[in-house]
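**Student:** Encoded as structure tokens, here's the structure I'll be asking about.
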Amino acid sequence: MSTHRIAVIAGDGIGREVMPEGLRVLAAAADRFDLDLQFTTIDWANCDYYLQHGEMMPADWFEQLKGFDALYFGAAGWPDKVPDHISLWGSLLKFRRGFDQYVNLRPVRLMPGVPCPLANRKVGDIDFYVVRENTEGEYSAVGGRMFEGTERETVVQESIFTRKGVDRILKYAFDLAQRRPKKHLTSATKSNGMAISMPYWDERVEAMAASYPEVRCDKYHIDILCARFVLSPERFDVVVASNLFGDILSDLGPACAGTIGIAPSANLNPERDFPSLFEPVHGSAPDIYGRNIANPIGMIWSGAMMLDFLGQGDAAHGAAHDAILRAIERVLVDGPLTPDMGGAASTSDVGLAIVDAL
Ligand code: ATP
Ligand code: MG
């Protein structure tokens with residue numbers, strides 16, 4: 001039995017409320033499937049720490065965390081006290097870049113019992129992944145202001161696409177598509193508008209497609225792709241996109257499949273040189289913090305993704321992942337549910353019910 005060392009970073013706001021439920025379910029799954037999970041609580045990377053120390057994390061955060069197998073992360077941010085760009089850039093974005101978590105992976109799946117905002121959709125119709133490039137592309141800090149204060153005032157922000165960066169995200173997406181029954185990959189582009197970077201992206205997609213003859217490969221401009229997410233989500237299987245386009249799609253996708261409170265995500269370093277990070281899609285939600293009504297399912301589902309990744313295809317880990325998803329589905333259908341899903345249950349009621357179902 002292999003041991004997995006997991007750093008537990010609850011962060012801010014409802015991150016602190018949903019984390020205990022995530023840990024409760026992981027502990028139950030470890031028990032049932034005989035997995036050895038060792039949790040270490042990290043009490044920094046939150047805004048209280050920032051207010052005391054002037055930084056979100058200690059200077060040696062990298063050294064302290066690099067030896068873990070995974071980071072299980074709640075949410076960061078408390079906009080009343082600390083501006084979002086400080087809390088995010090000082091924690092989550094440092095993890096993503098420092099640990100080279102270049103894949104941002106979000107499953108988009110319509111789950112049983114969840115009302116779909118799109119008309120006439122049933123379970124099974126929406127079931128795909130958004131694979132977002134997480135380290136380069138449009139989100140660079142290269143650029144600046146010129147001629148400030150004059151009529152010629154001009155602002156430039158560069159996009160950076162490297163062969164290495166583009167090829168590795170495409171390879172991850174093609175591999176994922178290859179493993180799925182539909183074997184269908186959709187690439188987001190905008191080569192008619194961004195006439196330098198996106199034609200390069202398209203070229204790399206075509207080059208890689210040659211090595212995956214079984215994968216059917218489509219490309220869509222980002223504008224029509226957004227429309228297709230809403231009008232015909234059933235046509236997608238694996239959708240791969242640059243940092244900016246992926247950011248947009250990975251919020252739009254889960255929104256098409258229901259409430260934000262249940263959506264999970266993973267930030268992966270597939271080579272396992274550094275820990276990968278697993279977090280719910282939602283943020284710290286200051287508006288509902290402190291009432292024990294946050295939906296813990298996004299946190300719990302992210303924990304299931306973590307087990308799957310840690311197990312690298314091992315049967316017990318795969319079974320634990322599947323069992324947690326079945327337990328989530330059961331509770332989504334039978335309750336109890338938190339208020340965001342129309343119920344009256346508390347965060348911990350839902351966590352306990354998922355453990356029972358497991
Ligand atoms: P980010 O930190 O990504 O910027 P945000 O500030 O855009 O996040 P969230 O913190 O996710 O947004 O909150 C958006 C809305 O969704 C809020 O009204 C919040 O109450 C609600 N919400 C978010 N997560 C949950 C949850 N787990 N359960 C119930 N409601 C939630
Ligand atoms: Mg926020």
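**Student:** Might you let me know whether the range 99-112 holds any residue that is buried (at least 17 other Cβ atoms within 10 Å of the Cβ), in contact with a strand residue (DSSP E or B) (Cβ under 9 Å, 6 or more places away or on another chain) and either modelled with pLDDT under 90 or over 28 Å from P233 (Cα atoms) (or both)?
**Tutor:** yes
**Student:** Name the one entry in S265, S242 that is closer than 13 Å to V130 by Cβ, modelled with pLDDT of 95 or more, away from ligand 1 (no atom under 16 Å from the Cβ) and of a type in the set (S, T, N, Q).
**Tutor:** Details: S265 fails: away from ligand 1 (no atom under 16 Å from the Cβ).
After applying the criteria, what remains is S242.
**Student:** For V166, work out the one condition from (1) assigned to a loop (DSSP other than H, G, I, E, B); (2) at pLDDT 95 or above it doesn't fulfil.
**Tutor:** (1)
**Student:** So for the range 335-342 (the condition being part of a helix (DSSP H, G or I), away from ligand 2 (no atom under 16 Å from the Cβ) and buried (at least 19 other Cβ atoms within 10 Å of the Cβ)), does at least one residue qualify?
**Tutor:** The answer is yes; a qualifying residue exists.
**Student:** Suppose we filter the range 46-90 for residues that are away from ligand 2 (no atom under 16 Å from the Cβ) and either surrounded by 22 or more Cβ atoms within 10 Å (Cβ to Cβ) or closer than 19 Å to S276 by Cα (or both); how many remain?
**Tutor:** Qualifying residue count for the region: 14.
**Student:** Out of V114, V108, I need the residue that is outside any loop (DSSP other than H, G, I, E, B), in contact with a Gly (Cβ under 7 Å, 6 or more places away or on another chain) and more than 23 Å from F62 (Cβ to Cβ). Which one? Steps first, please.
**Tutor:** Values: V114 fails: outside any loop (DSSP other than H, G, I, E, B).
Answer to the selection: V108.
**Student:** So which residues in the range 1-31 are surrounded by fewer than 24 Cβ atoms within 10 Å (Cβ to Cβ), closer than 18 Å to W44 by Cβ and among the charged types (D, E, K, R)?
**Tutor:** Across the range 1-31, the qualifying residues are R5, R16.
**Student:** Taking the range 132-183 on its own, how many of its residues are surrounded by 14 or more Cβ atoms within 10 Å (Cβ to Cβ) and of a type in the set (V, I, T)?
**Tutor:** Selection size over the range 132-183: 4.
The values are calculated or read from the model by the stated rules, or taken from the named source; none is laboratory data. On a predicted model such as this, the values are computed, not experimentally measured, just so you know. When we count neighbours, we look across all protein chains shown, and the Cβ atoms used for this are built from the backbone with ideal geometry, even at glycine.
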